[in-house]
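The values are calculated or read from the model by the stated rules, or taken from the named source; none is laboratory data. No experiment lies behind these values; they were computed from the predicted model shown. Please note: Cβ atoms are built from the backbone with ideal geometry, for glycine as well, and neighbour counts cover all protein chains shown. Please note that ligands, DNA and RNA were not included when accessible areas were found on the heavy atoms of the full protein model with its side chains. Shrake-Rupley method; radii C 1.70, N 1.55, O 1.52, S 1.80 Å.
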Amino acid sequence: MQRDTLVFDLIHQELERQRHGIELIASENFTSLQVMQAMGGVMTNKYAEGYPGRRYYAGCEIVDQTEQLAIDRLKQIFNVEYANVQPHSGAQANAAIALAVLQPGDITLGLDLSMGGHLTHGSPVNYSGKLYNAHFYGVVKETGLVDYEMLESQARTLKPKLIICGASAYSRDWDYKRIRAVADEVGALVWADIAHPAGLIAKGLLNSPFEHCHVVSSTTHKTLRGPRGGVIMLGKDFENPFGLKDNKGNVRMMSNLIDLAVFPGTQGGPLQHVIAAKAIAFGEILTDEFMVYQQQVQKNAQAMAKAFMDKEYNIISGGTDNHLMLIDLRNKNISGKKAEQALVKADITANKNMVPFDDKSAFITSGIRFGVAAVTTRGMVESDMQFVVNAIDRVLLNADSETEIATVKKQVNEFMGQFILYPEL
Ligand code: DSN
């Protein structure tokens, strides 16, 4: 078959874009070459519905081994009793958890999307807001911190079946213990979605949710630096605490309910090439180098936050504990949309984001979100954050000047030349 040069040329252009630009989208990262090689390998050809040793197809002896390796390594990383590595994405992992523990119409309580939450935590445009009776807590206007008092009073009034913690644009750590206390009081399950901070949690740099939350989901491609995908884990609450039943009405272990909810509940054949890549990434996470990487992520985020605050940028909550920060641009007289568009012209990629109590729509927004997981993988350290912030500031101050932006773009491309990306490619 003739090689599809059209597509491969585009893939090469994307590689060059990644090489030359400053990647600050908080949910992105650069995998190792071996993780990408596994994703581009022959395991993509294999159908393997079911779980290791219990498949609906023949010929699964080898993919059984990669999937079991991924499971075992993930359990070791987080010191948990159960892991499911099949979810195709974070959203798929979250759909499976909802299917496992909720009935249509059940009440859920999650962080509002406009306050930093996630679509799958009950947004009205998502299945989680259409199938379930979704309610929300927010952040405190003055501090930008999760409003635990609001969460507690909502929980006591609404008696939700499920309380969801976790966010996509929240720069502070979570008090899982406090959430579990009110959940126990009202008879709710607690689910932590750690998609963003998982890498920091893996190395003990942030609070662990496993002691306090009944179920935990994550993506594998953000701070965990693995392939695109999702996972579900259970910590100490391996037993089914609320007598939840399967579709035949039998009370089952939580692990059985989650397995059934992933397959056949919400997915068919698992992506065995991605699962092999997850196994490789999990092996990388278990190394000491990954600890050094995560420590650098945290240091870079703090250095970046300080550099922004020195220039009078308003970081929601006044700083960061993790890899990201959310900036309210209203004192800078530029919308998130315009900032995003100007920055991308200078080869700086970030995403516009609503800020808490935003007066602009999700398409315009008053805020912008920056994350440092990807630039830290490129090799940047604290001192590099000043260059990055200076470049961003110059673009935002001159967002209507093509000449200024072109000058910054040239500086950005030269700067990135020192951080080699995928030299083998
Ligand atoms: N799209 C992810 C993010 O950017 O945070 C969340 O799903």
Sulfur and carbon atoms: percent of accessible area, the stretch 265-408 [1.4 Å]: 52 percent
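At 24 angstrom or more along the helix axis (alpha-carbon based) and mean Kyte-Doolittle of -1.0 or higher, what helices does the chain contain? Whole DSSP H runs only.
Sorted by number, the helices that extend far enough and score high enough are 61-78, 288-310.
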The distance between the Cα centres of the stretch 9-39 and the stretch 328-368, in whole Å, is 24 Å
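For the chain, give the share of DSSP beta bridges that are antiparallel, in percent and rounded to the nearest 5; count only bridges with both residues there. Could you put the intermediate results ahead of the total?
On the way: 21 of 37 bridges.
For the chain, the DSSP antiparallel bridge percentage is about 55.
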The stretch 172-237-the stretch 45-111 distance, computed between alpha-carbon centres (Å): 16 Å
Filtering GluC sites (Glu not before Pro) in the stretch 242-318 by DSSP loop and by at most 16 other Cβ atoms within 10 Å leaves Glu312
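Based on the mean of other Cβ atoms within 10 Å per residue, sort peptides 360-369, 241-250, 162-171 so the most packed one is first.
Descending mean neighbour count gives 162-171, 360-369, 241-250.
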So, over other residues within a Cβ distance under 12 Å of Phe136, counting Lys, Arg +1 and Asp, Glu -1, the net charge is -2
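Beyond a 21 Å Cα-Cα separation, which of these cross-linked pairs lie in this structure: Lys311/Lys332; Lys161/Lys203; Lys75/Lys222?
Distance filter (> 21 Å) returns Lys161/Lys203.
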Roughly how many whole Å is it from the C-alpha centroid of the stretch 277-308 to that of the stretch 392-407? 30 Å
Hey, got the dipole for the stretch 170-310? About the Cα centre, +1 on K and R Cβ, -1 on D and E Cβ, debye to the nearest 20? 220 debye
Under 10 Å, Cα contacts only: if you run a Gaussian network model on the chain, which one of Ser89, Ser401, Ser335 comes out with the highest mean-square fluctuation? Ser401
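For the stretch 118-172, give the magnitude of the charge dipole about the Cα centre (Cβ charges: +1 Lys/Arg, -1 Asp/Glu; no others), in debye to the nearest 20. Display every interim value, and only then the final one.
On the way: 6 positive and 4 negative charges, 47 e Å.
Computed about the Cα centre, the dipole is about 220 debye.
Would you rank Val251, Val190, Val42 by solvent-accessible area, highest first, keeping every protein chain in place and using a 1.4 Å probe? Please report the intermediate quantities before stating the final value.
Values: Val251 90, Val190 0, Val42 115 Å².
Listed by decreasing accessible area, they come as Val42, Val251, Val190.
How would you classify the stretch 325-385 from its alpha-carbon gyration tensor, with a ≥ b ≥ c the square roots of the eigenvalues: rounded for a/c under 1.5, else prolate if a/b is greater than b/c, otherwise oblate?
Note, shape of the stretch 325-385 comes out prolate.
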GNM flexibility winner over the chain from Asp193, Asp328, Asp184 (Cα, springs under 10 Å): Asp184
Length gained if Phe8 through Glu61 is fully extended, taking 0.36 nm per residue and subtracting the Cα-Cα distance, is 15.8 nm
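Classify the stretch 42-105 as rounded, prolate or oblate, taking a ≥ b ≥ c as the square roots of the eigenvalues of its Cα gyration tensor: rounded when a/c is under 1.5, otherwise prolate if a/b is larger than b/c and oblate if not.
Values: a/c = 2.18, a/b = 1.38, b/c = 1.58.
Judged from the Cα gyration tensor, the stretch 42-105 comes out oblate (a/c at least 1.5, b/c at or above a/b).
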Helical contribution to [θ] at 222 nm, DSSP H n ≥ 4, -39,500 (n - 2.57), averaged over the chain, rounded to 500: -12500 deg cm²/dmol
For Lys409, list the aspartates and glutamates whose Cα falls under 19 Å from its own Cα; do not include residues on the same chain fewer than 8 positions away. Glu14, Glu16, Glu23, Glu340, Asp347, Asp384, Asp393, Asp400
Counting only protein heavy atoms, what percent of the accessible surface of the stretch 61-164 is carbon or sulfur at a 1.4 Å probe? 54 percent
In vacuo Debye sum over C-alpha of the stretch 276-319, base-10 log of normalised intensity I(q)/I(0) at q = 0.22, 0.24, 0.26 Å⁻¹, listed in q order, is -0.71, -0.77, -0.83
Does the chain come out rounded, prolate or oblate, given a ≥ b ≥ c as the square roots of the eigenvalues of its C-alpha gyration tensor, rounded meaning a/c under 1.5 and, failing that, prolate meaning a/b above b/c? oblate
